[in-house]
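The values are calculated or read from the model by the stated rules, or taken from the named source; none is laboratory data. No experiment lies behind these values; they were computed from the predicted model shown. Note that we place each Cβ from the backbone using ideal geometry, even for glycine, and neighbour counts take in every protein chain shown.
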Amino acid sequence: MKKIRRREFLSTSAKAAAITVIPRHVLGGPGYMVPSDRLNIACIGNGTQGTRVMLSLLKMPELRIIAVADPVKDDTRYQNWGQFELRNNIRRSIEEPQWDEGISGCRAGREPAKRIVEKWYSKQTNSGKYKGCHCYEDYRELLEKVKDIDAVVVGATDHQHAQVAIQAMQKGKHVLCQKPMTNSVYEARLLAETARKAGLATQVHTANSSAESTDKLCEMVWSGVIGPVRQVYNWSNRPVWLSGFTELPPEEPVPEGFNWDLWLGPAKYRPFSYQYTHTTFRSWYEFGTGALGDMGCYSFDVIYRVLKLGAPLSVQAYGSTDCVVKNSVPTFIKPVVSHPKAMTAHFSYPARGEMPPVEIFWSDGGIKPLLPEELEKDGKVLSPDGMMLVGDYGKIIAAFHGSNPRLIPEDRNKTFTPPPPTIERSGDHIRDWINACKGGKQGRANFEFAAPLTEALNLAIIAMRTEKKLYWDADKMLTNSDDANKLIKPEYRQGYEL
């Protein structure tokens, strides 16, 4: 008799659910989840954002976190989004009001992550004890040794996303990847191709892709209320981390429990500095994607859905400079080693079916578009971040992620009747991915959908770095610039090639 592997059972269990005779709650009481319905999860990357995502997964009975991995053992120099924000979030999530009392700074790493997992699961046992979470410094060792993993959650730094996700898929694991999908054009394309061939459930963690507000904005635009859309303005108040570095930081001693070589991974070796790590990694070209990649992955997900976009025809972008005064003479310095404090980008897209060519204008660092006369008429100002779609017959303004879409001026909303729903609503971003892991349809932000917009965002960063208008040949993955083409694919350290 052929032995059925656990993963094969999970893939077919969703299809067989319709013929289940005995309800699950009868077998094990309310909320009981039989082991065969549960996905075993490994959380790779246990910094602040990785921990936040892990906390949300802990409460889902469909999941069981059985392993964590991070090159940082335990550190308190991460960045909070508010005073004790992460610590208080942990306390609420695992119902431990004294968690990390007396610990200064923002604490994260693989050991705190393991403690959080085991503390919460211990509360679900009769004995009050649980020691079932594997803990690894190197995610490659985790993937090799922990055999019963069904899916991997990637929360590592941007430059490691592709490395972790591809190796996980090669071992047959489903993948939920923290945004942005990658920090390179080449890796975005490679992730999509790998996912397509593997046939696994993939999702980029951009929850607004599954939000009802996104569906409503699509239906609103498709109803023709503002006519064909010709322009989109999208602006962000990011970055909210140190940025605009004009030179590399001085070397610092590597902290105990911090595997710096492993943290660098595929990137070229450089001496350690805390200014490279934790949230600040987003500022450095080799490690992060700046404000555009970090936040644009949210908003462009919405814009791509609304306007049914693919590859851009051209991209151009510019970044801010710094000025220093030496010997009473001002000198302008371009941050050649890191993302700037502010940037603008312009994307041009071709016609798609009945939709005309469209332009997207991005700005960050607090730079906003000009105040539209419709808002001026209403006596309102632009929010710190937002989105505006300009059509032949009017404008729609929304929050940055596309939520709360409304016509401007305000009077237009009094006579506008929202169109009836035509898009099947999503239950939840994470649960869509869980269902896909169990054999259901792919989640909305799967790798194949996310790849083209990720390519466009990274292409704009290349345009900024080279200060050239780039014409994009998506089929050949080439631009009109040799300098730009050199940046499409990262240079990998030996042993980390993709």
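Only one residue in Ala113, Ala69 is closer than 30 Å to Arg493 by Cα and in contact with a Leu (Cβ under 7 Å, 6 or more places away or on another chain), so which one is that?
After applying the criteria, what remains is Ala69.
Suppose we filter Thr202, Thr206 for residues that are closer than 26 Å to Trp81 by Cα and within 18 Å of the chain's Cα centre (by Cα); which single one remains?
Thr206 is the lone residue from the list that is closer than 26 Å to Trp81 by Cα and within 18 Å of the chain's Cα centre (by Cα).
So, of the residues in the range 267-314 that are of a type in the set (Ser, Thr, Tyr) and not in a helix (DSSP H, G or I), which turns out to be nearest to Gly391 (Cα to Cα)?
Ser314
Pull out all pairs, ordered by first then second residue, where Cβ-Cβ is under 7 Å, the residues are six or more apart or on different chains, the first lies in the range 474-497 and is without any contact (Cβ under 8 Å) to a residue 60 or more places away in the chain and under 15 Å from Ser314 (Cβ atoms), and the second is among the hydroxyl-bearing types (Ser, Thr, Tyr) and outside any loop (DSSP other than H, G, I, E, B).
The qualifying pairs are Thr479/Tyr471; Asn480/Tyr471; Ser481/Thr466; Ala484/Thr466.
Test Phe272 against the stated conditions and say whether it is in contact with a strand residue (DSSP E or B) (Cβ under 6 Å, 6 or more places away or on another chain) and over 30 Å from Leu309 (Cβ atoms).
Criteria not met by Phe272.
Return the residues of the range 201-232 that are surrounded by fewer than 22 Cβ atoms within 10 Å (Cβ to Cβ), hydrophobic (A, V, I, L, M, F, W, C) and closer than 17 Å to Ile430 by Cα; say none if nothing qualifies.
Matches in the range 201-232: Ala207, Ala211.
So, in the range 56-73, of the ones that are farther than 18 Å from Ile434 by Cβ, among the aliphatic types (A, V, I, L, M) and within 20 Å of the chain's Cα centre (by Cα), which residue ends up surrounded by the fewest Cβ atoms within 10 Å (Cβ to Cβ)?
Once the filter is applied, the top-ranked residue is Ala69.
Do we have Glu410 as part of a helix (DSSP H, G or I), free of Cβ contacts under 8 Å to residues at least 40 places away in the same chain, surrounded by 12 or more Cβ atoms within 10 Å (Cβ to Cβ) and in contact with a helix residue (DSSP H, G or I) (Cβ under 9 Å, 6 or more places away or on another chain) here?
No; evaluated as a whole, the condition is false for this residue.
What do you reckon, is Val164 within 17 Å of Asp432 (Cα to Cα), assigned by TED's automatic domain parsing to the domain that holds Ala69 and in contact with a strand residue (DSSP E or B) (Cβ under 9 Å, 6 or more places away or on another chain)?
So Val164 does not fit the description; no.
Restricting to the range 144-161, count the residues that are under 20 Å from Val53 (Cα atoms), over 15 Å from the mean Cα position of the chain (by Cα) and among the hydrophobic types (A, V, I, L, M, F, W, C).
2
Within the group Ala42, Ala17, which residue is assigned to a helix (DSSP H, G or I) and either modelled with pLDDT under 95 or buried (at least 20 other Cβ atoms within 10 Å of the Cβ) (or both)?
Criteria check complete, one pass: Ala17.
Which of the residues belonging to the range 323-374 are aliphatic (A, V, I, L, M) and either in a loop (DSSP other than H, G, I, E, B) or within 29 Å of the chain's Cα centre (by Cα) (or both)?
Val336, Val337, Ala342, Met343, Ala345, Ala351, Met355, Val358, Ile360, Ile367, Leu370, Leu371
Output the residues belonging to the range 125-147 that are farther than 23 Å from Gly495 by Cβ and surrounded by 11 or more Cβ atoms within 10 Å (Cβ to Cβ).
Across the range 125-147, the qualifying residues are Tyr130, Gly132, Cys133, His134, Cys135.
I'd like to check something: does the range 415-424 contain any residue that is among the acidic types (Asp, Glu) and outside any helix (DSSP H, G or I)?
Looking through the range 415-424, at least one residue is among the acidic types (Asp, Glu) and outside any helix (DSSP H, G or I).
So Tyr471 fits all but one of (1) farther than 16 Å from Arg189 by Cβ; (2) free of Cβ contacts under 8 Å to residues at least 60 places away in the same chain; (3) outside the structural domain of Tyr186 (by TED's automatic domain parsing); what number is the exception?
So the condition that Tyr471 fails would be (2).
For the range 93-120, enumerate the residues that are on the phi < 0 side of the Ramachandran plot and over 27 Å from the mean Cα position of the chain (by Cα).
Matches in the range 93-120: Glu96, Pro97, Gln98, Trp99, Glu101, Ile103, Ser104, Lys119.
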